[in-house]
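The values are calculated or read from the model by the stated rules, or taken from the named source; none is laboratory data. Just so you know, these numbers come straight off a predicted model, no measurement behind them. Cβ placement follows ideal geometry from the backbone for every residue including glycine, while neighbour counts extend to all protein chains displayed.
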Amino acid sequence: MKGNSEKPLTERMHTDGSVVDLQTYEQAGGYQAIRKVLHAGMTPMAVTEEVKAANLRGRGGAGFQTGVKWSFVPRGKDVPNPTYLVVNGDEMEPGTFKDRLLMERDPHQLIEGAMVAAFAIEADIAYIFLRGEYTLAAERLARAIAEAYEHHYLGKNIFGAGCNLELYLHLSGGRYICGDETGLLNALEGKRANPRAKPPFPVVVGLFGKPTVVNNVETICCVPHIINNGAEWFHGLSKTNDGGTKLYGVSGKVKRPGLWELPMGTTAREIIEEHAGGMRDGLKLRGLLPGGSSTPFIVEQHLDTPMDFTEMPKAGSRLGTGTMIVLDDHTCAVGMAWNMTRFFARESCGFCTPCWSGLGWAERILRSIEDGKGKPGDLDKLAFQAKMWSPGNTFCALAPGAADPLETSMKYFREDFERHIREHRCPWS
C-alpha cells in the first residue's frame, strides 16, 4: 500500500500460497484508501479524475481507460436507482490465470478496490462475477466478504460516513461469452449469456436496466493504490505512458511457467528470458500469443516491443490479458490453431451465422489438415472464413478474436500448414 512499493498488487502475498486475512491486510495499510475517500472530503468525481489521471487502462483485455468509463455514468438525483458495479472475475480466456492469483491470495484488496470504485460511480450495490470452477477463490472471497461485513466495512453507514455498499459474490455457470460485458450482465440476470446490442451501453442501461460499470479484477485491485499514492506515483511504476504495473504470465514449454508483477511496458523478451527462464533445453521459440488465445501471434522480431496497450498494436497484435502462450519448435502450429479454433467454436453463443457456422466449418477444416486429410484450397477457405469473422461482421468480439490467432498462424507458420497438406500427415506426430 505504501508509495515506495514497486509491486503493489502482490507485495502482501504469502509465499506459501495462504490467503491474506483482514488483520494482515490492514496491518499492511489496507482499507486506508476507502477511509481517505470517505473522510478526506473526496467527491466521487474527484476519485474518478484521479483514476483518469493515472491512466489506468482495463486489464481484462480491451485496455479502455477506467476513469473515462466511470465518467460516462449518469449522476445526480434524477438517475434511475440503483447504480451497479460488477467486477468480472470470470477469466475464461485460455492461457490466462492472473485474476485467480489476486482473488485467491489477497481478496481484501479486491474488496477495497470495489468499495472505492462503487463510491466513484455512486453505486450502492456491487457484484463479483466469478467463474464457477474457481472454487478456492470462491471460498476465500466469501470468507473475506464475511470478514468485511463482520467489521462493518460493508453494508450500511460504512466507517460512519453515511456511505452504503452491499457486495455479493455470484458464481457463474461459466461460458467464454461472458467475457463480453453485456453477455455477463445477461448471465447475472439469470438469462442466457448472449451479448446485447449497443447502444445503449451498460454505463447507461446495464444490469436490470440500470447504470452499470463492469471492470476486471486486476483493474479494480489497482484502484486503492492510486488513491493512496496518487496518479503520478502510479505513472512512475510503468515504463510507458500506460500507468502502473501489470501481471504478466507465461505458459508453454519454458523453464519456469508462471506469473509476475512487472512494470507496464516490460518486453516479451525480458519476461520470457529473465523471469520464465527461457525455453526448455533443446527447444526454440517460434512465436507466442501475447495476451491469451484471442490475440494475434508475434514472432522473434517483435520480442523487444513493450508489452502495453499502445506498443503491441504496432507489432500487429494486442496486449490482451498480458498472459503469453508460447509456441516452440517441437509443437505443431496447425494443431495449436485447431485446438484454439475448436475452443472458440464450442464457446460461440450461436447468435450470428459467421460465428456459429463459420467457426465450426474452420474447426473441421483444421482437424482434417491435422489428420493428414487436407486438400489444396483449404487455406484459402480458412482465410475467407477468418475475413468473415472480422469486426463489423459479427455481433460481438468472440469471432474476431478467434480470427486473430488463425490468420497470424497461417501468416507466420504457413509452411507447417502446407507440409500437412502436401505430406498428408502431421510432421510433429
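Before moving on, here are some points about what is shown:
- The number of residues in the stretch 109-156 that are small (Gly, Ala, Ser) and free of Cβ contacts under 8 Å to residues at least 40 places away in the same chain comes to 4.
- Qualifying position, being in the same structural domain as CYS222 (by TED's automatic domain parsing), at pLDDT 95 or above and farther than 23 Å from LEU184 by Cβ, among TYR31, TYR84: TYR31
- Residue count for the stretch 12-25, restricted to those that are under 20 Å from LEU247 (Cα atoms) and surrounded by fewer than 18 Cβ atoms within 10 Å (Cβ to Cβ): 5.
- Qualifying residues in the stretch 62-82 (those that are touching a residue at least 60 places away in the same chain (Cβ under 8 Å) and in contact with a strand residue (DSSP E or B) (Cβ under 7 Å, 6 or more places away or on another chain)) - the one nearest to VAL47 (Cα to Cα): TRP70
- Residue that is within 18 Å of the chain's Cα centre (by Cα), surrounded by 22 or more Cβ atoms within 10 Å (Cβ to Cβ), under 18 Å from THR10 (Cβ atoms) and not aliphatic (A, V, I, L, M), where the choices are THR295, THR245: THR245
Residue-wise test of (1) surrounded by 14 or more Cβ atoms within 10 Å (Cβ to Cβ); (2) more than 20 Å from ILE158 (Cα to Cα); (3) touching a His at 6+ places or on another chain (Cβ under 8 Å).
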site	(1), (2), (3)
THR10	yes, yes, no
GLN27	no, no, no
TYR31	yes, no, yes
VAL37	yes, no, no
ALA53	yes, yes, no
LEU56	yes, yes, no
GLY61	yes, yes, no
ASN81	no, no, no
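- Of all positions in the stretch 339-351, none carries a residue that is touching a His at 6+ places or on another chain (Cβ under 7 Å), small (Gly, Ala, Ser) and outside any helix (DSSP H, G or I).
- Yes/no for TYR168 being assigned to a loop (DSSP other than H, G, I, E, B) and either touching a Ser or Thr at 6+ places or on another chain (Cβ under 9 Å) or on the phi < 0 side of the Ramachandran plot (or both): no
- Which listed residue is modelled with pLDDT under 95, surrounded by 18 or more Cβ atoms within 10 Å (Cβ to Cβ) and within 18 Å of PRO44 (Cα to Cα), from ILE121, ILE125, ILE158: ILE158
- Matching option when the condition is in contact with a helix residue (DSSP H, G or I) (Cβ under 8 Å, 6 or more places away or on another chain), crowded, with 24+ Cβ neighbours inside 10 Å, touching a residue at least 12 places away in the same chain (Cβ under 8 Å) and not charged (D, E, K, R), among LEU184, LEU262: LEU184
- Within the set VAL223, VAL205, VAL250, the sole residue that is within 20 Å of the chain's Cα centre (by Cα) and over 30 Å from GLY278 (Cβ atoms) turns out to be VAL223.
- When each of GLU147, GLU93 is tested for being among the charged types (D, E, K, R), over 17 Å from VAL223 (Cα atoms), in contact with a Gly (Cβ under 9 Å, 6 or more places away or on another chain) and in the same structural domain as LEU184 (by TED's automatic domain parsing), the lone residue that passes is GLU93.
- Options LEU398, LEU382; residue that is among the hydrophobic types (A, V, I, L, M, F, W, C) and touching a Leu at 6+ places or on another chain (Cβ under 8 Å): LEU382
- Screening the candidates THR48, THR24 for the property of being part of a helix (DSSP H, G or I), out of contact with any strand residue (DSSP E or B) (no Cβ under 7 Å at 6 or more places or on another chain), in contact (Cβ under 8 Å) with a residue 24 or more places away in the chain and of a type in the set (S, T, N, Q) yields one hit, THR48.
- Just one of the listed residues (ALA161, ALA137, ALA114) is among the small types (Gly, Ala, Ser), under 17 Å from the mean Cα position of the chain (by Cα) and over 21 Å from SER18 (Cα atoms), and it is ALA114.
- Number of the exception - GLU6 against (1) modelled with pLDDT under 95; (2) in contact with a Ser or Thr (Cβ under 9 Å, 6 or more places away or on another chain); (3) in the same structural domain as ASP90 (by TED's automatic domain parsing); (4) surrounded by fewer than 17 Cβ atoms within 10 Å (Cβ to Cβ): (3)
- ALA193, sole failed condition from (1) over 25 Å from PRO74 (Cβ atoms); (2) touching a Cys at 6+ places or on another chain (Cβ under 6 Å); (3) outside any loop (DSSP other than H, G, I, E, B): (3)
- Search result, residues across the stretch 140-166 that are within 22 Å of ASN88 (Cβ to Cβ) and in contact with a helix residue (DSSP H, G or I) (Cβ under 6 Å, 6 or more places away or on another chain): ARG140, LEU141, ALA144, ALA148, LEU154, LEU165
- Residue match in the stretch 393-401 (condition: assigned by TED's automatic domain parsing to the domain that holds GLY360 and within 18 Å of LEU327 (Cβ to Cβ)): yes
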